[in-house]
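Below: one structure, written as structure tokens.
The values are calculated or read from the model by the stated rules, or taken from the named source; none is laboratory data. The shown structure was predicted, so the numbers you read here are calculated from the model rather than taken from an experiment. Ideal geometry is used to build each Cβ from the backbone, glycine not excepted, and the neighbour counts take in all protein chains shown.
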There are 2 protein chains.
Amino acid sequence: MARSVDVPDLVKRAREGDPRAVARLISLVEDASSHLREVSIELAPHVGRAHIVGLTGSPGVGKSTTTSAVVAAFRQQGKRVGVLAVDPSSPFSGGALLGDRVRMQDHALDPDVYIRSMASRGHLGGLAWATPQALRVLDGAGCDVIVLETVGVGQSEVEVVGVADTVVVLLAPGMGDGIQAAKAGILEIGDIFVVNKADRDGADATAREVRHMIGLGEREAGAWRPPVLKTIASRGEGIDELVAAVEKHEVWARESGAGVLRRQLRAAEEIEAIAMAQLRGRLVSHQARLDELALQVAGGALDPYAAADVLVAQAGLAS
Amino acid sequence: MARSVDVPDLVKRAREGDPRAVARLISLVEDASSHLREVSIELAPHVGRAHIVGLTGSPGVGKSTTTSAVVAAFRQQGKRVGVLAVDPSSPFSGGALLGDRVRMQDHALDPDVYIRSMASRGHLGGLAWATPQALRVLDGAGCDVIVLETVGVGQSEVEVVGVADTVVVLLAPGMGDGIQAAKAGILEIGDIFVVNKADRDGADATAREVRHMIGLGEREAGAWRPPVLKTIASRGEGIDELVAAVEKHEVWARESGAGVLRRQLRAAEEIEAIAMAQLRGRLVSHQARLDELALQVAGGALDPYAAADVLVAQAGLAS
């Protein structure tokens with residue numbers, strides 16, 4: 001039986017720091033519940049304050065260790081912190097996959113740190129849709145900083161993390177990350193590059209390689225020049241410099257106007273995703289007609305474009 | 001300057017075996033050109049003959065070697081073969097990423113083997129849309145068999161390969177693939193499991209693990225029981241058995257009616273993707289309005305659902 005939901009009360013409690021209220025709100029948006037719209041309306045007056053820090057990199061570069069160290073640094077400044085760990089390659093959401101994130105347990109008992117994992121819900125585009133909604137909940141709940149962490153450096157990860165206000169790309173020595181990063185287009189979206197595990201052989205070579213690759217493009221006057229830092233997150237080394245770089249980027253983004261543009265872009269993607277989800281809902285409500293059309297297309301009696309026209313007309317969406 | 005395109009002539013030449021015509025048709029559908037619909041209409045009478053064999057597995061299991069060996073086996077039967085290699089984690093399409101696919105060069109000079117790679121075009125959902133279109137071209141061009149190969153076993157790969165008539169999941173000993181596969185939901189979609197590199201330690205253990213995992217679910221009478229085979233693709237060992245299993249699955253799918261259902265599902269997804277792309281086109285044609293709404297949402301003055309309503313109405317799509 002569906003529990004009745006008092007959304008205004010949930011938002012009020014989330015803003016007071018009740019982690020269960022935050023969890024419930026994220027579940028409501030992630031499950032695309034009928035309360036989505038109400039949640040969104042209640043949160044609207046409270047969003048836009050959080051600084052969203054995207055953090056991505058290949059498995060093994062030390063993302064969760066770095067996230068944990070960064071969270072600790074922000075906590076020392078007295079900031080409320082949200083962590084959203086997104087895994088586009090996994091169908092599981094919730095707390096399950098955080099089991100191996102031992103380091104994050106440093107913050108498990110801190111009421112001003114909210115940690116959540118999210119996974120792909122079986123449909124391409126699912127995370128592109130759910131991630132901004134979950135960020136909106138954490139933002140509206142009063143987080144000053146949200147660390148948006150993704151697993152891997154694939155195309156999906158780039159898209160997920162690309163919506164952040166500041167994008168941190170994590171690398172490790174000798175992993176051929178440069179090529180991986182270039183392949184996935186992550187060099188273009190990185191605002192800060194970090195070579196973690198800098199006590200390992202090849203750290204300087206990796207840093208040079210990245211500097212070389214990001215230095216290849218010309219930059220306009222006043223443009224942000226991504227720094228390439230070195231850290232040993234497991235010992236907390238270089239984390240203050242990383243946090244300082246994030247704050248410097250935040251100031252630059254605010255003063256240059258680039259920050260507003262990125263938030264506008266993020267909102268535009270969110271609006272489009274919501275509109276598309278609504279239109280999809282209207283299409284698939286004609287499932288019987290779609291099945292019938294699909295059978296004709298599968299048999300070669302109809303081409304899929306003609307079938308799409310019929311479906312669109314049936315749903316009352318013809319132009 | 002855009003070249004003028006004679007689609008009926010291209011389809012005619014593709015069906016006669018001209019690889020450049022096939023390449024041009026795939027480029028037309030992949031680039032979402034204005035000729036998409038025409039290509040689709042011209043191909044419609046010729047599609048539905050090819051058997052699509054999906055092949056997926058983690059990097060390093062020997063996918064391209066296996067694909068090459070399977071292609072050789074089908075060629076010995078005199079069949080025309082298409083290979084579509086899809087990499088959702090890469091933004092590059094065309095021939096570029098096939099550079100490392102040395103083994104496939106065995107077939108580079110064979111006019112009855114058409115090889116093509118495709119990559120994600122920077123937007124989640126891009127491949128879900130482009131893959132069926134490219135398969136349709138290869139099918140319509142007269143391929144008897146199409147091997148649809150994906151890189152990795154992530155959620156995107158599962159969705160791409162899930163549209164195949166027969167799904168082959170490739171594993172290798174000692175890679176922890178079982179867990180990876182379970183995580184990505186690939187156990188549910190595999191029709192045939194193959195432990196490649198079967199001369200390595202742990203091949204039997206991996207095969208047992210997979211048998212155990214797929215055996216856990218009850219099956220109805222007459223249901224397909226996925227075989228777990230062992231191959232050494234680099235030496236061609238076990239390939240005949242793999243091809244025999246594919247053919248056995250094809251017969252089962254035809255006789256049980258499961259094949260028609262899968263093709264119907266594939267067509268339904270294709271129709272829906274085309275319809276959604278059209279609707280998206282109508283939404284984004286109101287870019288100025290979207291930008292304006294996004295600025296209001298970013299500033300907290302409007303919630304994204306209300307903004308989506310406005311955008312949908314503006315595009316003439318309100319219900």
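Across region A:271-292, the qualifying residues are those that are surrounded by fewer than 18 Cβ atoms within 10 Å (Cβ to Cβ) and of a type in the set (Asp, Glu), and the one among them that is farthest from the other protein chains (Cβ to nearest Cβ) is A:GLU292.
The one condition from (1) surrounded by fewer than 23 Cβ atoms within 10 Å (Cβ to Cβ); (2) in contact with a helix residue (DSSP H, G or I) (Cβ under 6 Å, 6 or more places away or on another chain); (3) within 14 Å of chain A (Cβ to nearest Cβ); (4) at pLDDT below 80 that B:GLY142 does not meet is (4).
Return yes or no: is B:ARG211 closer than 30 Å to A:GLY300 by Cα and not in a loop (DSSP other than H, G, I, E, B)? No.
Being within 14 Å of chain B (Cβ to nearest Cβ), buried (at least 21 other Cβ atoms within 10 Å of the Cβ) and either under 22 Å from the mean Cα position of the chain (by Cα) or modelled with pLDDT under 95 (or both) is a property that A:ALA268 has.
Being in a helix (DSSP H, G or I), at pLDDT 90 or above, at the interface with another protein chain (Cβ under 8 Å from one of its Cβ atoms) and within 26 Å of B:VAL47 (Cβ to Cβ) is a property that A:LEU295 has. Here the condition is being of a type in the set (A, V, I, L, M) and either touching an Asp or Glu at 6+ places or on another chain (Cβ under 7 Å) or within 30 Å of B:VAL47 (Cα to Cα) (or both); of A:ALA258, A:ALA288, it holds for A:ALA288 alone. The residue list B:GLY122, B:GLY54 contains one member that is closer than 25 Å to A:GLU157 by Cα, modelled with pLDDT under 55 and either of a type outside the set (Lys, Arg) or crowded, with 19+ Cβ neighbours inside 10 Å (or both), which is B:GLY122.
For region B:242-260, the tally of residues that are surrounded by 15 or more Cβ atoms within 10 Å (Cβ to Cβ) and over 14 Å from B:HIS51 (Cα atoms) stands at 1. Given the condition within 8 Å of chain B (Cβ to nearest Cβ) and free of Cβ contacts under 8 Å to residues at least 40 places away in the same chain, answer yes or no: does some residue in region A:251-264 qualify? Checked against the condition, which is being within 8 Å of chain B (Cβ to nearest Cβ) and free of Cβ contacts under 8 Å to residues at least 40 places away in the same chain, region A:251-264 yields at least one hit.
Evaluating B:VAL86 against the criteria (1) at pLDDT 65 or above; (2) touching a strand residue (DSSP E or B) at 6+ places or on another chain (Cβ under 8 Å); (3) outside any strand (DSSP E or B) leaves one unmet condition, (3). Would it be correct to say that B:ALA73 is closer than 30 Å to B:ALA207 by Cα and at pLDDT 85 or above? Here the answer is yes, as B:ALA73 does meet what is asked. Inspect region B:248-257 for any residue being part of a helix (DSSP H, G or I), touching a helix residue (DSSP H, G or I) at 6+ places or on another chain (Cβ under 8 Å) and farther than 30 Å from B:LYS79 by Cα and give the result as yes or no. Scanning region B:248-257, I find no residue that is part of a helix (DSSP H, G or I), touching a helix residue (DSSP H, G or I) at 6+ places or on another chain (Cβ under 8 Å) and farther than 30 Å from B:LYS79 by Cα, so the answer is no. Keeping to region A:145-157, report how many residues are within 13 Å of chain B (Cβ to nearest Cβ) and at pLDDT 75 or above. Of the residues in that region, 1 qualify. More than 18 Å from the chain's Cα centre (by Cα) and farther than 30 Å from A:ASP199 by Cβ: does that describe A:ARG24? For A:ARG24, the condition - more than 18 Å from the chain's Cα centre (by Cα) and farther than 30 Å from A:ASP199 by Cβ - is met.
If you go through region B:178-207 and keep only what is of a type in the set (D, E, K, R) and modelled with pLDDT of 90 or more, you end up with B:ASP191, B:LYS197, B:ASP199, B:ARG200, B:ASP201, B:ASP204.
Residues satisfying the criterion are absent from region A:11-28 (criterion: closer than 24 Å to A:GLU157 by Cα, surrounded by fewer than 16 Cβ atoms within 10 Å (Cβ to Cβ) and within 14 Å of chain B (Cβ to nearest Cβ)). Restricting attention to region A:298-319, the residues that are more than 7 Å from chain B (Cβ to nearest Cβ) and charged (D, E, K, R) add up to 1.
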